Amino acid sequence: MLKLSDCVIENGNFTLHADLCIEPGASVAIIGPSGAGKSTLLETIAGFRSLTQGQIFWQGTEITDLPPGKRPLAMLFQDGNLFPHLTAEQNIALGVRPNGRLSPDEQGEVQTALERVSLAGMSTRKPAELSGGQQSRVALARVLVQRRQVLLLDEPFAALGPALKAEMLDLVADLIEGTGTTLLMISHDPQDARRITDQTILVAEGQAHSPVETTELLDNPPPSLRSYLG
Ligand code: ADP
């Protein structure tokens, strides 16, 4: 399980408290008002921010002070973070090895990932030659080949429009099904949470709350969430 034990996270003058556990293999949404600390929470779990207080554990091992690359997780950012001068295939290869020099087996893995995100015929295109949705698929393939136990998504498909976003969310759910991957996904849209997560963490008023059932939370929102949902 992913455990945040009595954590205090500071970002400028902002302070967020988190004391919660996430079961391995769970799909968990992170929702809450803008500026409530959702990204701050995810960046801390990923290792891009340090804690002021507390500890983080994965499967009983403390990861509080591990650098991002040594943690058992992969993060998909809002803009996908693709390298513009590299092809789809080369961008994905960087997920397998940071130097991009792959063995034949590893090259096979990249081809499989391209197929799974339906981009097999576009492996030699650069990001500028791909649509926004296709770029998102490359970014998703790159985190998949990392084969990490925890996948962190920071509203990665927000720029795609509703239909394409729904398609990408379904693809994420499909791709991790049966792998045991734990998914944590920030979204400002409660429909995204309903679509692919079982549980939701509410971040509001300086606190990241323990995950609760998504449907229950959204059907009976507490006041801090009700005012945000409108
Ligand atoms: P969310 O993802 O929920 O919109 P963030 O985690 O991005 O919220 O931000 C949480 C709070 O952290 C903000 O309300 C702001 O007070 C503070 N914050 C975010 N980014 C910065 C920054 N670059 N400098 C100082 N404070 C920041």
If the chain between Q59 and R101 were fully stretched, how many nm would it gain, using 0.36 nm times the residue separation less the Cα-Cα distance? 12.0 nm
Using only alpha carbons, build the gyration tensor for segment 82-147 and give me the equivalent ellipsoid semi-axes, biggest first, whole Å. 17, 12, 10
Using alpha-carbon positions, the gyration tensor of segment 1-66 gives root eigenvalues a ≥ b ≥ c; with a/c under 1.5 called rounded, otherwise prolate if a/b exceeds b/c, else oblate, the class is oblate
Between D170 and S224, the two model label points (7 Å from Cα along the beta-carbon direction) sit apart by a distance in nm of 3.4
Out of every Cα-Cα pair in segment 106-182, what percent are more than 16 Å apart? 49
Fewest Cβ neighbours within 10 Å first, please rank K38, K126, K70 accordingly. K70, K126, K38
Expected sort for 2-14, 198-210 on mean C-beta neighbours within 10 Å, highest first, is 198-210, 2-14
In degrees, nearest 10, range 0 to 90: what is the angle between the Cα axis of helix 104-116 and the longest Cα principal axis of the chain? 70
Could you grab the relative contact order for the chain? Cα pairs under 8 Å, six or more apart, rounded to a whole percent. 30
Filter on K3/K70; K3/K126; K70/K165; K38/K70; K38/K126 - keep pairs with C-alpha separation over 27 Å: K3/K126; K70/K165; K38/K126
Using the reciprocal of the averaged 1/r over all distinct C-alpha pairs, how large is the Kirkwood radius of the chain in Å? 18.2
As an exercise, use a Förster radius of 22 Å and the Cβ-Cβ distance of E205 and C21 to find the FRET efficiency, rounded to the nearest 0.05. 0.60
Counted charge near V145, where neighbours are those whose Cβ lies closer than 14 Å (Asp, Glu -1; Lys, Arg +1): +1
Order of S103, S136 under a 10 Å beta carbon neighbour criterion, fewest first: S103, S136
Specify the residue with the greatest mean-square fluctuation among T15, T61, T215, computed from a Gaussian network of the chain linking alpha-carbon atoms under 10 Å apart. T61
Please get the size of the charge dipole for the chain, origin at its Cα centre, with Cβ charges of +1 on Lys and Arg and -1 on Asp and Glu, quoted in debye to the nearest 20. 600
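FYI, it's all coordinate maths here, none of it is from the lab. None of the values given here were measured: they were computed from a predicted structure. Here Cβ is always computed from backbone atoms with ideal geometry, including for glycine, and neighbour counts include all displayed protein chains.
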